[in-house]
Amino acid sequence: MTQWTATFSDWISLPLIFILLGTGFFVSFRLRWIQLRKLKHSFNVIGGKYDNPEDEGDVTHFQALSAALSATIGIGNIAEM
């Protein structure tokens, strides 16, 4: 079983890398590189430029981002075990 798994892993790894990179490039191209075009806006949102002190709520944009990232990374670390 271990030999078969190692052989399959060696065989599939290179095509899988090309498929993942190709898909990422295709999606970025189709969305017209939005992750680069809106980078300044994302930093402005995280920095609090659009915050209104009179709005209800206790969580800032940065706190929401930090919580979402920690949950995503934490689940990934647990699932990887």
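Is there a residue being in a helix (DSSP H, G or I), outside the structural domain of LEU65 (by TED's automatic domain parsing), surrounded by 10 or more Cβ atoms within 10 Å (Cβ to Cβ) and at pLDDT 90 or above anywhere in the range 6-15? No, that holds for no residue.
Contact annotation: residue pairs with Cβ atoms under 7 Å, 6 or more positions apart or on different chains, pairing a residue in the range 37-54 that is among the small types (Gly, Ala, Ser) with a partner that is assigned to a helix (DSSP H, G or I), are GLY48/HIS61. Out of all the residues in the range 47-58, is one or more surrounded by 10 or more Cβ atoms within 10 Å (Cβ to Cβ), in a helix (DSSP H, G or I) and either modelled with pLDDT of 80 or more or within 15 Å of the chain's Cα centre (by Cα) (or both)? Yes. Scanning the range 16-46 for residues that are part of a loop (DSSP other than H, G, I, E, B) and not charged (D, E, K, R) yields LEU31, TRP33.
The values are calculated or read from the model by the stated rules, or taken from the named source; none is laboratory data. Because the structure is a prediction, the values reported are computed rather than measured. Every residue, glycine as well, gets a Cβ built from its backbone with ideal geometry; the counts of neighbours run over all protein chains shown.
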